[in-house]
Amino acid sequence: MSMPSIDWNDVWKQFRSNRRDSTQDPEFWNKRASSFSRHASGSDYVQQFIDIMNPGPAWSVLDVGCAAGTLAVPLSSLVGSITALDPSMAMLSLLDERCLKQGITNIRRINGRWEDDWDALDIGVHDAAIASRSLITDDLSAAILKLESHAGKRVYLSAMVDDGPHDRRIVEAVGREFGPRADYIVVYNLLRQMGRYANVAFTVNKEEKLFKDVADAVNSLRWMIQDMTPEEEVRLTGHLQANLVRNSEGWKLPYSRVIRWAVLWWDKE
Ligand SMILES: C[S@@+](CC[C@H](N)C(=O)[O-])C[C@H]1O[C@@H](n2cnc3c(N)ncnc32)[C@H](O)[C@@H]1O
């Protein structure tokens, strides 16, 4: 069967250009660094990703968009060495603190992004290269080729499934449209078009967040509404006042959500 003549890199670019999105701005991640790292390091995603990855004990690993070491920190005791790359200085400072506190000495930290010159950053070739939830770039095929050229054995990516971690009910409650987002199938199709026959597995987490009160819920959910205006915040507060339900431990939304990430990996030829 011949492949339809869709350019999946263009499809990816279109999804990204249709959205108001400041996630490519390191300032967005600087502001979110501590709450993201608290949430990410306590989530089941990490263990599920590592189980799928099944790394070799002597591997060198490149972790692009490492944040505060969501994967790099737990991987540090399972592999030989890690190069952790991220454009957010706040994330890298948190990673520094975690390494210092836990006596981790095999993580090299680099301030950089997909679009940088990786030779100038002296990234080098590693056994495995991973991009976990960090495909934050308009030119996806360039990013994939770059990641692959810095992997000697294997490449791992993880990409969003359906709405990913975003709760469309929250976005719509403030009066915004929840536009279509590129889920993993776009990434998979692009890989197929590039001649990469990737394996796929899914991480699955049930999200049921507990909040201390309405203000805590607003703060915990505000990352979904980039550049939230005061009027939108009033609407979000009203929505949560009307919908949060109380249990013996605190307040929660009246529904739970299943969040999946697709982990795609392939061996270098
Ligand atoms: C959702 S977090 C994922 C972090 C971690 N890999 C994980 O799975 O928890 C996305 C990370 O990608 C980084 N990032 C954003 N734009 C980037 C870019 N252009 N190049 C590389 N990393 C980027 C952010 O600073 C942030 O730390």
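Descriptive notes on the structure:
- On inspection, Gly152 does not qualify as in contact (Cβ under 8 Å) with a residue 24 or more places away in the chain and out of contact with any strand residue (DSSP E or B) (no Cβ under 9 Å at 6 or more places or on another chain).
- The residues listed here are Val204, Val187, Val200; of these, the one that is in a strand (DSSP E or B) and within 16 Å of the ligand (Cβ to nearest atom) is Val204.
- Which numbered condition Phe178 fails, given (1) open to solvent by 40 Å² or more (accessible area, probe 1.4 Å); (2) in the same structural domain as Gln14 (by TED's automatic domain parsing); (3) of a type in the set (Phe, Trp, Tyr): (1)
- Selection count, region 11-57, where residues are under 14 Å from the mean Cα position of the chain (by Cα), aromatic (Phe, Trp, Tyr) and over 25 Å from Asp216 (Cα atoms): 1
- For Ala120, the requirement of being farther than 19 Å from Phe15 by Cα, more than 18 Å from the chain's Cα centre (by Cα) and modelled with pLDDT of 95 or more is met.
- Applying the set (1) loosely packed, with under 14 Cβ neighbours inside 10 Å; (2) modelled with pLDDT of 95 or more; (3) over 26 Å from the mean Cα position of the chain (by Cα) to Val204 leaves exactly one unmet item: (3).
- Qualifying position, being of a type outside the set (Asp, Glu), within 12 Å of Ala128 (Cα to Cα) and out of contact with any Asp or Glu (no Cβ under 7 Å at 6 or more places or on another chain), among Ala68, Ala58, Ala90: Ala58
- Of all the residues in region 155-171, those that are in a loop (DSSP other than H, G, I, E, B) and in contact (Cβ under 8 Å) with a residue 24 or more places away in the chain number 6.
- Of all residues in region 60-100, those being under 25 Å from Asp117 (Cβ atoms) and either not assigned by TED's automatic domain parsing to the domain that holds His126 or not charged (D, E, K, R) (or both) number 24.
- Lys209 vs. criteria closer than 30 Å to Pro254 by Cα, touching a strand residue (DSSP E or B) at 6+ places or on another chain (Cβ under 7 Å) and either free of Cβ contacts under 8 Å to residues at least 24 places away in the same chain or surrounded by fewer than 19 Cβ atoms within 10 Å (Cβ to Cβ) (or both): yes
- Selection within region 256-269: residues that are more than 20 Å from the chain's Cα centre (by Cα) and touching a residue at least 24 places away in the same chain (Cβ under 8 Å). The member of this set that is farthest from Gly164 (Cα to Cα) is Lys268.
- Filtered residues of region 204-256 (kept if small (Gly, Ala, Ser) and in contact with a helix residue (DSSP H, G or I) (Cβ under 6 Å, 6 or more places away or on another chain)): Ala217
- Subset tally (residues that are farther than 19 Å from Phe36 by Cβ and in contact with a Ser or Thr (Cβ under 8 Å, 6 or more places away or on another chain)) for region 158-183: 0
- Among residues that are within 11 Å of the ligand (Cβ to nearest atom), in a helix (DSSP H, G or I) and open to solvent by 70 Å² or more (accessible area, probe 1.4 Å), Glu27 is included.
- Matching residues in region 220-269 - criterion: being of a type in the set (A, V, I, L, M) and outside any helix (DSSP H, G or I): Ile225, Met228, Leu244, Val245, Leu253, Val258, Ile259, Ala262, Val263, Leu264
The values are calculated or read from the model by the stated rules, or taken from the named source; none is laboratory data. Predicted, not measured: the structure shown is a model, and the values here were computed from it. No Cβ is skipped: glycine too gets one built from the backbone with ideal geometry, and neighbour counts run over all protein chains shown. With ligands, DNA and RNA removed, areas are computed over all heavy atoms of the protein, side chains included. Shrake-Rupley method; radii C 1.70, N 1.55, O 1.52, S 1.80 Å.
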